[in-house]
Amino acid sequence: QQQVKQSPQSLIVQKGGIPIINCAYENTAFDYFPWYQQFPGKGPALLIAIRPDVSEKKEGRFTISFNKSAKQFSLHIMDSQPGDSATYFCAANGGGSNYKLTFGKGTLLTVNP
Amino acid sequence: DGGITQSPKYLFRKEGQNVTLSCEQNLNHDAMYWYRQDPGQGLRLIYYSQIVNDFQKGDIAEGYSVSREKKESFPLTVTSAQKNPTAFYLCASSIAGRSEAFFGQGTRLTVV
């Protein structure tokens, strides 16, 4: 059972475009939703995270939008750059004292110059 | 520098052999995790530990074993019972009770 579904699998945009990556979850007990960025051959790095008491969070060019009723959240990258080309993972934690993360399958983003 | 150190970066194993992947952290985190990454599969949880001398199975624990004798260390053994061990293995840690997990740089294991 896939508890966090991520789409699309891959995404190509031009420099300056706004790629959007979407995730949907099933478990209403989830209460923490991070996004990770991973470059080839490296470990994932925490990019930005949100909790369900807010609908949007911005950090620099990265924005998470959260829709609790739809059980969906998305990552927007403003003014995308070639250096943003990486794989992005959404995740959700187990809720309560169960704080291990469940990950989506990832989105390979390519930003062309 | 504080962080999570995984070693080795690359590891080759002959079929039928056990191998141990090292993970050390100096972040003073209580919780540690092992994930396996395969192309197109995301990150799947193998084992996790919330305190010393205690650990729990994740979603794909079969063919793996761990120990947590020290807070700083959480080694993963890939046993000969793991039928498809070739993958990228990632170790992570977090403060107990918080979900922000920080990852090491990974170990790529190849069966030859």
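Derivation of every value follows stated rules applied to the coordinates shown; laboratory data play no part. Here the structure is a predicted model, which is why all the values come from computation and not from measurement. Cβ placement follows ideal geometry from the backbone for every residue including glycine, while neighbour counts extend to all protein chains displayed.
Brief remarks follow.
- Look at the stretch B:92-101: the mean tally of other chain Cβ atoms within 10 Å of its residues' Cβ atoms is 5.
- Sparse-neighbourhood loop sites, trypsin sites (Lys or Arg not before Pro) in region B:9-74 - DSSP loop, at most 12 other Cβ within 10 angstrom: B:Lys9, B:Lys14
- Computed P(r) (all Cα pairs; the protein assembly as shown; 10 Å bins; percent): 8, 33, 35, 20, 4, 0
- Pairwise alpha-carbon distances in chain A exceed 22 Å for 27% of all pairs.
- Cα gyration tensor, region A:23-67 - rounded (a/c under 1.5), prolate or oblate: oblate
- Centroid-to-centroid separation of region B:67-112 and region A:1-68 [C-alpha atoms, Å]: 23
- Note on chain B: semi-axes of the ellipsoid equivalent to its C-alpha gyration tensor, largest first and rounded to whole Å, are 22, 14, 13.
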